[in-house]
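**Q** Encoded as structure tokens, here's the structure I'll be asking about.
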Amino acid sequence: MDIHVFVCCLFPQQVLAKQPRILPTVLPRLACPPMTPFKARALASLAEVVTTALVPHLDVLLPALFPAIAADAPDEHDAAVEAAAAVSGAVDEAGVHLLLGELHRGCLADEPEVRKGAAELVGIFCKSNDRVDMEERVPTLLGQLLPLFADTDEAVVKTAWTATGLVTSQIPKVCMYTPTRLLRKASALLG
């Protein structure tokens, strides 16, 4: 049997049966740098099966995904985005604070590729998660992105702008006045 078939098709079913014992062992191995396209796809498959059981492991998974999301290689980037969508889509209301904490740490990181990956993951989270009330999270997400507008790395700034568009798309039009006013103030302060 091909190892790719096992990891992507059969392995998640095995994990579902033995989830509590296997996840603490398998997830750190999948998150061990470098995050290859193969590992990212395996993580995406696993996330679709175990869903909220991944939440306690976000502190291991997301820091490994940030640089891979920011990768220039299309295959690595696409696989990491797929994994990030699956992982962030598995987060529910009870675990959203853990995800937001990791996104905050990523946006404050010293490495530009980590900041860029974290900013992109903010947008991915907005697009892929239907378990969390996004409207309630908009101020927090914008607060994480706004400082990135003054980043020294141009790629980080562009990614932050794109993610901001995805975050603000979560706001109903009748409620747009306040966030728009806050964005204008923040832009004026940044110069």
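Quick note: the coordinates plus some simple rules give every number you see, no bench work behind them. Given the structure is predicted, the values throughout are model-derived calculations rather than measurements. Because the Cβ atoms are built from the backbone with ideal geometry, glycine has one as well, and the counts that use them run over all protein chains shown.
**Q** Pull out a ≥ b ≥ c, the square roots of the eigenvalues of the alpha-carbon gyration tensor of the stretch 85-191, then state rounded if a/c is under 1.5, prolate if not and a/b is larger than b/c, and oblate in the remaining case.
**A** Note, shape of the stretch 85-191 comes out oblate.
**Q** I've got another one for you. Describe numerically, in nm with one decimal, the distance between label points set 7 Å from Cα along Cα→Cβ at GLU111 and at ALA94.
**A** Here the answer is 3.2 nm between the modelled labels.
**Q** Here is a follow-up. Quick one: putting +1 on the C-beta of Lys and Arg, -1 on the C-beta of Asp and Glu, what dipole do you get for the chain around its Cα centre, in Debye to the nearest 20?
**A** 400
**Q** Given points 7 Å out from each Cα along the Cα-Cβ axis, report the SER169 to LYS185 separation in nanometres with one decimal.
**A** 2.7
**Q** ALA150 to THR36: FRET efficiency via 1/(1 + (r/R0)^6), r the Cβ-Cβ distance, R0 30 Å, to the nearest 0.05?
**A** So, using R0 = 30 Å, E works out to roughly 0.35.
**Q** I've got another one for you. If a/c stays under 1.5 just call it rounded; otherwise compare a/b with b/c (prolate if a/b is bigger, oblate if not). Do that for the stretch 37-109, with a ≥ b ≥ c from the square roots of the Cα gyration tensor eigenvalues.
**A** Cα axes put the stretch 37-109 in the oblate bin.
**Q** Students often forget the sequence filter, so: which lysines lie under 28 Å Cα-Cα from LYS158 once same-chain residues fewer than 8 apart are removed?
**A** Within the straight-line cut-off, LYS158 pairs with LYS39, LYS116, LYS127, LYS173, LYS185.
**Q** Which three numbers, in whole Å and largest first, are the semi-axes of the equivalent ellipsoid of the chain derived from its Cα gyration tensor as √(5λ)?
**A** Values for the chain, descending: 31, 18, 13 Å.
**Q** What 222 nm value per residue comes from the helices of the chain, counting each DSSP H run with n ≥ 4 as -39,500 (n - 2.57) and dividing by all residues, nearest 500 deg cm²/dmol?
**A** Mean residue ellipticity at 222 nm (helix-derived): -22000 deg cm²/dmol.
**Q** What whole-number distance in Å separates the alpha-carbon centres of the stretch 43-79 and the stretch 89-151?
**A** Centre-to-centre (Cα) distance: 14 Å.
**Q** Same structure, new question: Which of the listed residues, SER187, LEU98, LEU121, is farthest toward the dipole's positive end in the stretch 3-190, when Lys, Arg count +1 and Asp, Glu count -1 at the beta-carbon?
**A** LEU98
**Q** Got a sec to turn the phi values of the stretch 80-92 into Karplus ³J(HN,Hα) couplings, 6.51 cos²θ - 1.76 cosθ + 1.60 with θ = phi - 60°, whole Hz, x for Gly and Pro?
**A** 5, 5, 4, 5, 5, 5, 5, 5, 5, x, 7, 6, 10
**Q** As I understand it, the dipole of the chain uses +1 on the Cβ of Lys and Arg and -1 on the Cβ of Asp and Glu, about the Cα centre. Which of THR159, ILE171, HIS57 lies farthest toward its positive end?
**A** ILE171
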